[in-house]
1. Does the range 81-89 contain any residue that is closer than 24 Å to residue 301 by Cα, of a type outside the set (Phe, Trp, Tyr) and either touching a residue at least 60 places away in the same chain (Cβ under 8 Å) or surrounded by 14 or more Cβ atoms within 10 Å (Cβ to Cβ) (or both)?
2. In the range 207-214, is there at least one residue being more than 29 Å from residue 27 (Cα to Cα) and either buried (at least 17 other Cβ atoms within 10 Å of the Cβ) or within 40 Å of the chain's Cα centre (by Cα) (or both)?
3. Look through 214, 220 and report the one residue that is in contact with a strand residue (DSSP E or B) (Cβ under 7 Å, 6 or more places away or on another chain), in contact (Cβ under 8 Å) with a residue 60 or more places away in the chain and either among the hydroxyl-bearing types (Ser, Thr, Tyr) or not in a helix (DSSP H, G or I) (or both).
4. Can you work out which of the residues in the range 244-280 that are closer than 21 Å to residue 111 by Cβ and under 23 Å from the mean Cα position of the chain (by Cα) is surrounded by the most Cβ atoms within 10 Å (Cβ to Cβ)?
5. Taking the range 296-323 only, how many residues are hydrophobic (A, V, I, L, M, F, W, C), in a helix (DSSP H, G or I) and either in contact with a helix residue (DSSP H, G or I) (Cβ under 6 Å, 6 or more places away or on another chain) or touching a residue at least 12 places away in the same chain (Cβ under 8 Å) (or both)?
6. Residue check: is residue 231 within 19 Å of residue 334 (Cβ to Cβ), of a type outside the set (S, T, N, Q) and either free of Cβ contacts under 8 Å to residues at least 60 places away in the same chain or in contact with a Lys or Arg (Cβ under 6 Å, 6 or more places away or on another chain) (or both)?
7. Counting only residues that are surrounded by fewer than 17 Cβ atoms within 10 Å (Cβ to Cβ) and of a type in the set (S, T, N, Q), which one in the range 345-374 is nearest to the chain's Cα centre (by Cα)?
8. Being assigned to a helix (DSSP H, G or I), at pLDDT 90 or above, out of contact with any Pro (no Cβ under 8 Å at 6 or more places or on another chain) and of a type in the set (A, V, I, L, M, F, W, C) is true for just one of 326, 363. Which residue is that?
Amino acid sequence: MKRLSALLRAATAAAALSLTAPASYAESLADTMVAAYRHSALMDQNRAVLRAADEDVAAAVARLRPVLNWVADYGFTSNLDGLNAHSATIALRAQMTLWDWGRSALAIDIAKETVLATRENLVAVEQDVLFNAVQAFFDVRSALQQVDLQQSSLRVIGQERQAALDRFDVGEITRTDVALAEARLAAVRATLATAQGQLEIARENYRTATGAPPDSLDAPPPLPDLPATLDGARTIAQRSHPAILQVQRQAAAAELGVAAAAAERNPTLNGTAGLQVDRSRNQLGGGYSTSQGAVVGLELSQTIYSGGRLPAAHRQAMAQRDQVRALLLDTSRQISQLVGTSWANIDVARAQISAIEQQISAAQQAYDGVREEAQLGARTTLDVLDAEQSLLEARADRITALANLQLAHYQLLAAMGLLTVENLQLGIPTYDPSEYYNAVRDAPFTSKQGENLDRVLRALGRDGN
């Protein structure tokens with residue numbers, strides 16, 4: 001009995017040591033986040049969305065430039081008197097908006113604000129990708145610890161079952177006690193199977209988050225630094241969270257949209273220029289005649305009556321502006337709530353860990369006492385099994401609470417808008433949203449700008465960052 005008691009204490013001590021001081025592994029939490037950032041298809045998708053928004057600026061700029069067309073026309077005419085005529089025209093024409101009383105400038109400003117809003121959305125996606133990686137990391141570690149804990153419990157219950165059989169053989173206990181130990185052993189095996197299944201699920205989630213299955217995971221780093229107060233965290237969130245910054249840009253674009261809708265009623269001054277060559281022939285003349293000339297003109301136009309379309313568009317723009325303003329207020333409130341919730345989760349996790357530590361200490365003492373009393377015949381096998389189960393559940397709760405504390409810290413970082421590669425100083429090159437924008441903002445077609453754009457596109461395809 002003394003030897004069995006020593007084995008039980010050694011097994012439980014080993015289980016506790018595996019939870020409090022895990023061995024050093026290969027992949028750190030930073031490695032996990034770097035892998036997620038580099039291999040995220042969602043990031044690639046939203047980078048492409050941003051590049052499409054960049055092209056809207058180029059398109060708005062291009063509206064202020066000349067449009068050059070060539071036109072070729074051929075016609076055949078047959079009169080009732082039997083005379084036929086052939087005519088052909090080829091022309092080169094250019095048209096350019098000379099002045100539109102601010103409409104094109106407003107369109108460019110709206111496109112720029114949309115680009116800035118889309119950049120903030122890309123930051124929000126980056127935060128989601130990194131947080132999913134963090135969650136996958138801690139889920140795998142927790143699942144591994146749960147499996148280790150259940151395996152340790154399986155060994156202890158197996159030894160308890162053997163002890164019950166030995167005591168039954170010498171007549172100290174009944175077959176009922178042996179059956180209780182066997183039932184608890186089967187229950188632990190089932191719990192172990194569940195823990196192993198959760199581990200496989202966690203591994204698959206890790207693969208989805210990072211692009212590769214986990215090999216071995218290092219111990220988590222120290223908890224990230226946080227503001228001293230909840231109000232300080234909320235202030236940072238209102239200033240830094242990408243969701244708020246995105247809606248602020250959308251509100252600016254909506255305000256410009258109201259001005260743009262009002263400017264649609266202004267006149268437009270267009271300039272035109274062209275070269276034209278006409279060639280015709282008819283049966284009466286028996287030959288071809290050719291004429292050519294140049295045309296230069298100015299056109300000033302303005303919509304006087306649109307059937308109510310322009311006033312409706314103006315009212316719609318004002319409604320959209322009010323919508324975005326309300327969205328900004330709602331988003332600000334939601335982010336403030338998210339910060340408060342994350343802060344509370346940290347406090348809850350800390351309190352849980354403190355209480356669970358006391359619970360584990362008490363459960364360990366109870367288990368040791370019940371074991372000693374059972375050897376003296378003052379306790380039953382069921383009492384020993386119940387004490388061991390209480391200790392096991394407390395240790396399992398500590399695993400969950402420790403993971404929740406770590407996760408709540410990173411959730412708070414995300415709520416403040418600080419869960420980014422740059423802020424975490426992960427030490428890897430990041431995607432530069434201004435590089436593609438600078439290459440296309442002037443609407444390049446060919447020449448040096450076009451070559452630079454091709455270089456940027458090749459770099460994006462090669463690096464994926």
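The values are calculated or read from the model by the stated rules, or taken from the named source; none is laboratory data. Given the structure is predicted, the values throughout are model-derived calculations rather than measurements. Glycine gets a Cβ as well: all are built from the backbone with ideal geometry, and neighbour counts include every protein chain shown.
1. Of the range 81-89, the ones closer than 24 Å to residue 301 by Cα are none.
No, the range 81-89 contains no residue that is closer than 24 Å to residue 301 by Cα, of a type outside the set (Phe, Trp, Tyr) and either touching a residue at least 60 places away in the same chain (Cβ under 8 Å) or surrounded by 14 or more Cβ atoms within 10 Å (Cβ to Cβ) (or both).
2. Narrowing the range 207-214 to residues more than 29 Å from residue 27 (Cα to Cα): none.
No: zero hits.
3. Values: 220 fails: in contact with a strand residue (DSSP E or B) (Cβ under 7 Å, 6 or more places away or on another chain).
Going through 214, 220 in turn, the sole match is 214.
4. Across the range 244-280, the extreme among qualifying residues is 250.
5. Step one: filter the range 296-323 for residues hydrophobic (A, V, I, L, M, F, W, C), giving 296, 298, 300, 304, 310, 312-313, 317-319.
Filter once more, so that each one left must be in a helix (DSSP H, G or I): 310, 312-313, 317-319.
Now restrict to residues that are either in contact with a helix residue (DSSP H, G or I) (Cβ under 6 Å, 6 or more places away or on another chain) or touching a residue at least 12 places away in the same chain (Cβ under 8 Å) (or both): 310, 313, 317-318.
Count: 4.
6. Working: within 19 Å of residue 334 (Cβ to Cβ): yes; of a type outside the set (S, T, N, Q): yes; either free of Cβ contacts under 8 Å to residues at least 60 places away in the same chain or in contact with a Lys or Arg (Cβ under 6 Å, 6 or more places away or on another chain) (or both): yes.
Against the criterion (within 19 Å of residue 334 (Cβ to Cβ), of a type outside the set (S, T, N, Q) and either free of Cβ contacts under 8 Å to residues at least 60 places away in the same chain or in contact with a Lys or Arg (Cβ under 6 Å, 6 or more places away or on another chain) (or both)), residue 231 qualifies.
7. So, considering only residues that are surrounded by fewer than 17 Cβ atoms within 10 Å (Cβ to Cβ) and of a type in the set (S, T, N, Q), the one nearest to the chain's Cα centre (by Cα) is 354.
8. On the way: 363 fails: at pLDDT 90 or above.
Unique residue meeting the criteria: 326.
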